Amino acid sequence: MVKRFARIAIIAAVYVALTVLLAPISFYAFQVRIAEALTVLPFLFPEAIWGLFIGCFISNFFGGLGLVDVTVGSLLTLLAAVLTHLTAKTGKPYLAPLPPLLINAFGVSAYLVVLLEPPSLPFHLPPYLLFVISIFIGEAIATYGLGLPLLYFLKRKEWN
């Protein structure tokens, strides 16, 4: 029980530290939130669901996008974390980054399109799709580029 609470606290603290310290790339239309690499952790540790939710909730207070980002963004993270945990039943670690990737790309974009100017891309698309593309790219870098190698590394270790 103590180990689980410690994991929750550590995951939340690392998420907040990475997001706040790297704030210029953690928020807004073009973002690579490095802390999102941690979103694979519910594949191994169910308690990581709460660490990610708490970490995102606290982090989004520092982003300047207001209560919508704090509440909706955190709830989307909670949903993605629960779904990531469910991917563990497949035994396929490469699926673990998929829920946060898709939920953030489509869900976060749904409110960013109202709060921010759309990103400038070299082609013309509706603003919502521009946000989806930009968030998808940043999330893919964090979840598949950083998170999946982290997951494979942690899977090789013995955890109690």
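Just so it is clear, none of the values below were taken in a lab; they were calculated from the coordinates. Since the structure is predicted, the reported quantities are computational estimates derived from the model, not experimental observations. No Cβ is skipped: glycine too gets one built from the backbone with ideal geometry, and neighbour counts run over all protein chains shown.
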Rounded to whole Å, give me the distance from the Cα center of the range 92-113 to that of the range 58-79. 14 Å
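Return the FRET efficiency for the residue pair residue 158, residue 94: r is the Cβ-Cβ distance, R0 is 22 Å, and the value is rounded to the nearest 0.05.
Working: r = 22 Å, r/R0 = 0.99.
Efficiency, from the Cβ-Cβ distance: 0.50.
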Angle, helix 127-140 long axis vs. longest principal axis of the chain, Cα atoms, 0 to 90°, nearest 10? 30 degrees
Spread of Cα-to-Cα distances over 5 Å intervals beginning at zero, given as percent, for the range 77-160: 3, 15, 20, 21, 15, 11, 8, 5, 2, 1, 0
